[in-house]
Amino acid sequence: MIEISLAVAAADRAYKLLKTGIERKKELEGLGFDIEDMAKPISSFFSAKNDLDVAAAKAKNPSAANKLFNQGSVEAYAFEVVRAEKKAKELEEKVKELFWRERGGQALYSKMLRIRQVERARRLQVAREAAKKQKFMNDLIFAGIAISLGLGILGYLLNLIFKSIR
């Protein structure tokens with residue numbers, strides 16, 4: 001699982017690369033620049049933003065073991081999730097502005113948003129299901145270990161009791 005702070009940093013770095021790339025392209029090509037020329041940095045930004053969304057979703061649904069052994073406070077966890085969501089929204093607004101300032105960017109951005117909404121809903125559902133399965137497996141393993149330890153301790157105590165009776 002990618003950590004929330006790493007996902008925020010990756011999204012921020014991808015935005016900066018995109019912005020720098022657009023500025024440099026304009027300098028080099030003058031008026032012939034098209035936002036579609038920046039497909040790779042745009043893809044990197046939205047991939048990083050997706051990682052951020054997945055990390056936040058996983059953080060909102062931790063396993064029993066993570067809840068038990070997590071050292072951080074509830075407030076720190078909540079702050080990290082809220083900060084990440086705020087940063088993601090802020091970066092996405094900046095990317096939207098980059099699109100809207102470029103020739104052909106408004107239509108491209110609008111079309112991308114329509115496609116993105118459908119795909120995002122599908123991927124979030126898959127991510128939620130995967131997180132639930134992972135949580136179930138972690139909880140199952142944790143329960144198995146706890147039961148094994150309990151049975152081991154019970155066996156040890158019964159052994160001590162039967163030895164003392166003899």
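A simple spin-label model places pseudo-atoms 7 Å from Cα toward Cβ; at M137 and L17 they are separated by 2.9 nm. Inter-label distance, L108 to E85: 3.1 nm, where each label sits 7 Å from its Cα along the C-beta direction. Longer than 24 Å from Cα to Cα, which of K19/K111; K16/K40; K19/K87; K40/K89 are they? Say none if no pair is. As for pairs spanning more than 24 Å Cα to Cα, there are none. With each label modelled as a point 7 angstrom along the Cα→C-beta vector, the A78-Y156 pair spans 3.9 nm. Which FRET efficiency, nearest 0.05, do A39 and E129 yield, Cβ-Cβ r, R0 45 Å? My answer for the efficiency is 0.90. If the chain linking A121 and S5 were pulled fully straight, counting 0.36 nm for each residue of separation and taking away their Cα-Cα distance, it would gain 39.4 nm.
Throughout, read-outs are computed from the coordinates displayed, never taken from laboratory work. Treat the numbers as computed from the prediction; the structure is a model and nothing was measured. Glycine gets a Cβ as well: all are built from the backbone with ideal geometry, and neighbour counts include every protein chain shown.
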